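The structure appears below as structure tokens.
The values are calculated or read from the model by the stated rules, or taken from the named source; none is laboratory data. Treat the numbers as computed from the prediction; the structure is a model and nothing was measured. Cβ: placed from backbone, ideal geometry, glycine included. Neighbour counts: every protein chain shown.
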């Protein structure tokens, strides 16, 4: 199993799928000649040419719609939206066309299209380049939403998303493209549904996805070493549908839950996970579930303020200690 | 147009007109719900263009005034009416409604209810044709008001840039919902707005089907021969309001009467009578025969069809689960 960076894993998935099927194409701003802002399509333009690796104009809603229209005829476009903040402009086509066409045509048309886009707080990108929007996508019927927390998932989720007949939104993170991790040498398809236990534990379940899985892992380490608390880290790589059974199983064992996300608390991923905890785990819980989210402000530019906005492993440790009456 | 084709299309246009008028009645009777956008007055646009193209072969997409476009592509009027009645036998199994008629088998790629939404979808269909190397074309029928959406400009740019085989047909009926075009749009003649993208464009009388046919032949040939997109503007008029809740207070009855003097069906009928290809009695018999067909076949089918089952409420949200399992579970390779 080779070590590979997150962006390299995504690039490899593109390359394999495009080599296999001439109807797999990719499109987006600067993805061709320039090789992609985060290098996820590096070298593909030279290999597959401009008809299949399309540098689009800066017209998010319409190039997204164009990809969706092509998918009605069996083309499998992988559409990169350079920053999830720009996806606001494409939501009309994503939601009104891709997510609904199967239903409103009575199953006649389907949109097997993949949207990839990074969100999250990176390095002082300010209010309009730091959005976390997975909360919006996961509430739309007809759309699958996945979010890889490591290179193995980034590779395997894209592979599965390309093959799946449903539209899939892949939520990436701007800070994670250079993260290194093992990726199977053989072709690998990551499940689009479910969750993964990243670290087993018995005292509390830390639920997270994408970058917050890493905060949770670091927190679990500290909780174990310094406080003797055994935390289980669950990776909710599928946000739509959420893995109700996986959440239930972990909390039935630990009886405590902390939900961690980089989005803002109102109507967050955590809001939905806590609703599931109420529905599935109410009598298993020994304490009220807790959520940890970003402050509800447009992301500030100033670095100190920016860091004060988003949670980290320390916020998780503090919340768990409070849950155990140790803080 | 050949005489036989003119006679056939006259009957088709009468079917389209009577179908729509019967929808109006069913809506008043509350058998059709939701929003209902009717096509009378504009029949020569869809019919003229599609006579020059290949219905059922070329891909067609449009907005929410979509019943006639679907039927012209080959959709069974019975299935379209059943859709309006919300029945399981409807073209979208009762899940779509008036604004979302689909018939993929006949390459009618649907009616969409966000103004301007179909522009990029049409270009995408054309992109798929280009990739697959076929000689079909994509035809996008929309109204003049759609051209005030960003998707119009964004799509024209990409369609021209990539020389996509797509024909944009603008049915300019002079009103966007209840606002006159000169009150919403700086340039009334829509084909002039296209020149900035280097796209071939023309304007044509949309009431005279023979003129539409001739203009559309040039347009279709241009697109099919690989010269890239084309924009055809057809000047027309809708007799009814935008949808059913519209009392047409924004325009005069005199203006409506003036347009009805150039009714697309009567223009063709009178020409055929003048050419001695038919008599007024023939036409009256045709209307009677069509009325009988609409009432006793189309409406009857819709009335007698079953409702969708509530147990299947979620059936078409995602692809059939059983077929997707390798990707959902990761058990593929």
*Do any residues in the stretch A:231-259 that are at positive phi have Cβ atoms under 8 Å from those of residues that are assigned to a helix (DSSP H, G or I) and modelled with pLDDT of 95 or more, where the two are at least six apart or on different chains, and which pairs are they?*
A:255/A:284
_Suppose we filter A:20, A:76 for residues that are at pLDDT 95 or above and surrounded by 20 or more Cβ atoms within 10 Å (Cβ to Cβ); which single one remains?_
A:76
*Give A:54, A:27, A:5, A:1 a once-over and let me know the one that is modelled with pLDDT under 95 and in contact with a strand residue (DSSP E or B) (Cβ under 6 Å, 6 or more places away or on another chain).*
A:1
*Scan the stretch B:99-111 residue by residue and report those that are facing another protein chain (nearest Cβ under 7 Å) and crowded, with 21+ Cβ neighbours inside 10 Å.*
B:100, B:102, B:109, B:110
*Any idea which of (1) over 22 Å from residue B:316 (Cβ atoms); (2) within 14 Å of another protein chain (Cβ to nearest Cβ) is the one residue B:60 doesn't satisfy?*
(1)
*asked:* Which of the numbered conditions does residue B:222 fail, given that it passes all the others? Conditions: (1) assigned to a helix (DSSP H, G or I); (2) under 26 Å from residue B:77 (Cα atoms).
replied: (2)
_I need the full set of residues from the stretch A:141-165 which are touching a helix residue (DSSP H, G or I) at 6+ places or on another chain (Cβ under 7 Å), in a loop (DSSP other than H, G, I, E, B) and within 14 Å of chain B (Cβ to nearest Cβ), in order please._
A:142, A:143, A:148, A:164, A:165
*Taking into account only those residues within the stretch A:166-184 that are in a loop (DSSP other than H, G, I, E, B) and in contact with a strand residue (DSSP E or B) (Cβ under 6 Å, 6 or more places away or on another chain), which is nearest to the other protein chains (Cβ to nearest Cβ)?*
A:166
*From B:163, B:227, grab the single residue that is at positive phi and either at pLDDT 95 or above or not in a loop (DSSP other than H, G, I, E, B) (or both).*
B:163
*Which residues, counting only those in the stretch A:190-205, are crowded, with 24+ Cβ neighbours inside 10 Å and over 13 Å from the mean Cα position of the chain (by Cα)?*
A:190, A:204, A:205
*Restrict the check to the stretch A:83-92 and report whether at least one residue is touching a helix residue (DSSP H, G or I) at 6+ places or on another chain (Cβ under 9 Å), more than 12 Å from chain B (Cβ to nearest Cβ) and touching a residue at least 60 places away in the same chain (Cβ under 8 Å).*
yes
_What's the total number of residues in the stretch A:144-165 that are touching a strand residue (DSSP E or B) at 6+ places or on another chain (Cβ under 6 Å) and crowded, with 24+ Cβ neighbours inside 10 Å?_
10
*Restricted to the stretch B:175-190, and to residues that are in contact with a strand residue (DSSP E or B) (Cβ under 8 Å, 6 or more places away or on another chain) and crowded, with 20+ Cβ neighbours inside 10 Å, which residue is farthest from residue B:258 (Cα to Cα)?*
B:190
*Could we say that residue A:103 is in a helix (DSSP H, G or I) and without any contact (Cβ under 8 Å) to a residue 60 or more places away in the chain here?*
yes
*Go through the stretch A:93-133 and count every residue that is surrounded by fewer than 21 Cβ atoms within 10 Å (Cβ to Cβ), within 29 Å of residue A:174 (Cβ to Cβ) and either touching a strand residue (DSSP E or B) at 6+ places or on another chain (Cβ under 7 Å) or within 14 Å of chain B (Cβ to nearest Cβ) (or both).*
3
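Looking at the structure I just gave you, is residue B:156 outside any helix (DSSP H, G or I), within 29 Å of residue B:199 (Cα to Cα) and either facing chain A (nearest Cβ under 9 Å) or in contact (Cβ under 8 Å) with a residue 40 or more places away in the chain (or both)? Steps first, please.
Details: outside any helix (DSSP H, G or I): no; within 29 Å of residue B:199 (Cα to Cα): yes; either facing chain A (nearest Cβ under 9 Å) or in contact (Cβ under 8 Å) with a residue 40 or more places away in the chain (or both): yes.
For residue B:156, the condition - outside any helix (DSSP H, G or I), within 29 Å of residue B:199 (Cα to Cα) and either facing chain A (nearest Cβ under 9 Å) or in contact (Cβ under 8 Å) with a residue 40 or more places away in the chain (or both) - is not met.
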*Residue check for residue A:208: buried (at least 24 other Cβ atoms within 10 Å of the Cβ), touching a helix residue (DSSP H, G or I) at 6+ places or on another chain (Cβ under 7 Å) and modelled with pLDDT of 95 or more*: yes
